[in-house]
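The values are calculated or read from the model by the stated rules, or taken from the named source; none is laboratory data. Note that the coordinates shown come from a computational prediction; the quantities given were computed from them, not determined experimentally. So basically every Cβ, Gly included, is an ideal-geometry build from the backbone, and we count neighbours across all protein chains shown. Accessible surface areas use protein heavy atoms only, side chains included; no ligands, DNA or RNA. Shrake-Rupley method; radii C 1.70, N 1.55, O 1.52, S 1.80 Å.
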Amino acid sequence: MISKQLYALQVKTGQNFEENLTHLKNLILDCESDSIILAPEVCLTNFCYQRMDEASEFAKIATETLLRLSSDRTIAITMIEKYRDGFYNNLKVFHKGELLHKQSKHKLFPLGNEHLHFQSGDIAEIAPFKIDDLTCGAINCFELRFIELWERVKGCDLIFVPAQWGKERKDNFETLCKALAITTQSFVLASSGANDTCAKGSGIISPFGLALTDDSKEVIAMRADFNAVSQVRKYINIGLK
């Protein structure tokens, strides 16, 4: 198994979409090549319900920028995109200059009125995918609360959790991310927003449940030795390989 430099971003989102993208681009360029980077949920636009069409158009610009930036890195991010029947919160993984994986958020957060503004994605899209030799999966924010979705990413080496988690429920986010890592015996790369209403709590959790977090930073980084995945699965055998 390999080692990879992992980055969990923890950024504030402003009203200016272009400025948000420029800031994200600068953070990505400071990350090592051949690394894996996760940005917070909808960090380029936030949940801008009065500007959904604008956000969807901007997603086209962001996608082209991220395709270029991913030539020697892997970048995972979510963005608002419009299809024929409505808007979706799409998680996209860019790798080697291509769109490697896409999944639309399946479980929409009713407290944030997401169900009034977004269409629900197909649960079948929550499925493992490959980044080089790593088997990866993703769970988008509110989906973290649904154990049946954890089952869909069991067996992965690395699980992405982008979020804009409310600060009142910060302990929930950190506890669930840690439990996800322990239960699936995977690395979890969690990235939550840093706006005043957000929990922060971004970080990297090992398959043993050891968490690296720092709410004072925009970038949390760790070199992950993915041998730890096979080690914990042999040491505490729950049937995962």
Among the residues listed as T78, T74, the single one being β-branched (V, I, T), under 18 Å from P162 (Cβ atoms) and touching a Ser or Thr at 6+ places or on another chain (Cβ under 8 Å): T74
Scanning segment 154-213 for residues that are touching a residue at least 40 places away in the same chain (Cβ under 8 Å) and acidic (D, E) gives D157
Can you say whether G121 is at pLDDT 95 or above, in contact with a Phe, Trp or Tyr (Cβ under 9 Å, 6 or more places away or on another chain) and farther than 22 Å from T63 by Cβ, as far as the supplied structure shows? no
So the check is Cβ under 6 Å with 6+ separation or different chains; which pairs have a first residue in segment 70-96 that's touching a residue at least 40 places away in the same chain (Cβ under 8 Å) and a second one that's among the acidic types (D, E) and open to solvent by less than 30 Å² (accessible area, probe 1.4 Å)? T78/E41
Within segment 6-18, can one find any residue that is in a helix (DSSP H, G or I), more than 16 Å from the chain's Cα centre (by Cα) and not small (G, A, S)? yes
Please work out if D225 is modelled with pLDDT of 95 or more, among the acidic types (D, E) and under 24 Å from C141 (Cβ atoms). no
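Being buried (at least 24 other Cβ atoms within 10 Å of the Cβ) and not aliphatic (A, V, I, L, M) is the filter here, so list the residues in segment 185-197 that pass it.
To start, the set of residues in segment 185-197 that are buried (at least 24 other Cβ atoms within 10 Å of the Cβ) comprises 185-193.
Hits for segment 185-197 are Q185, S186, F187, S191, S192, G193.
I need a count of the residues in segment 84-102 that are of a type in the set (D, E), more than 19 Å from Q119 (Cβ to Cβ) and not in a strand (DSSP E or B). Talk me through it step by step, then tell me what you get.
Filtering segment 84-102 for residues of a type in the set (D, E) gives 85, 98.
Going one step further and asking which of them are more than 19 Å from Q119 (Cβ to Cβ), we end up with 98.
With not in a strand (DSSP E or B) added as a condition, the list becomes none.
Summing the residues that are of a type in the set (D, E), more than 19 Å from Q119 (Cβ to Cβ) and not in a strand (DSSP E or B) in segment 84-102 gives 0.
Please verify whether segment 206-227 includes one or more residues that are open to solvent by less than 20 Å² (accessible area, probe 1.4 Å), of a type outside the set (K, R) and on the phi > 0 side of the Ramachandran plot. Break it down into steps so the answer makes sense when it comes.
Taking segment 206-227 first, the residues open to solvent by less than 20 Å² (accessible area, probe 1.4 Å) are 206-207, 209, 220, 224, 226.
Within this subset, residues satisfying the condition of being of a type outside the set (K, R) are 206-207, 209, 220, 224, 226.
Those still in the list that are on the phi > 0 side of the Ramachandran plot too: 209.
There is at least one residue in segment 206-227 that is open to solvent by less than 20 Å² (accessible area, probe 1.4 Å), of a type outside the set (K, R) and on the phi > 0 side of the Ramachandran plot.
Condition (residue is over 25 Å from E114 (Cβ atoms) and of a type in the set (D, E, K, R)) applied to segment 32-44: is it met by at least one residue?
First pass over segment 32-44, keeping only residues over 25 Å from E114 (Cβ atoms): 32-36.
Narrowing further to those that are of a type in the set (D, E, K, R): 32, 34.
Checked against the condition, which is being over 25 Å from E114 (Cβ atoms) and of a type in the set (D, E, K, R), segment 32-44 yields at least one hit.
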Residue under question is T65, and the condition is that it be among the hydroxyl-bearing types (S, T, Y), assigned to a helix (DSSP H, G or I) and within 28 Å of V188 (Cβ to Cβ); does it hold? yes
Sole miss for K178 among (1) open to solvent by 10 Å² or more (accessible area, probe 1.4 Å); (2) within 22 Å of F47 (Cβ to Cβ); (3) in contact with a strand residue (DSSP E or B) (Cβ under 6 Å, 6 or more places away or on another chain) is condition (2)
Kindly evaluate R84 against the criterion of being in contact with a helix residue (DSSP H, G or I) (Cβ under 8 Å, 6 or more places away or on another chain) and open to solvent by 30 Å² or more (accessible area, probe 1.4 Å). no
Answer residue from segment 1-40, given it is open to solvent by 30 Å² or more (accessible area, probe 1.4 Å) and hydroxyl-bearing (S, T, Y) and is nearest to C156 (Cα to Cα) among those: S3
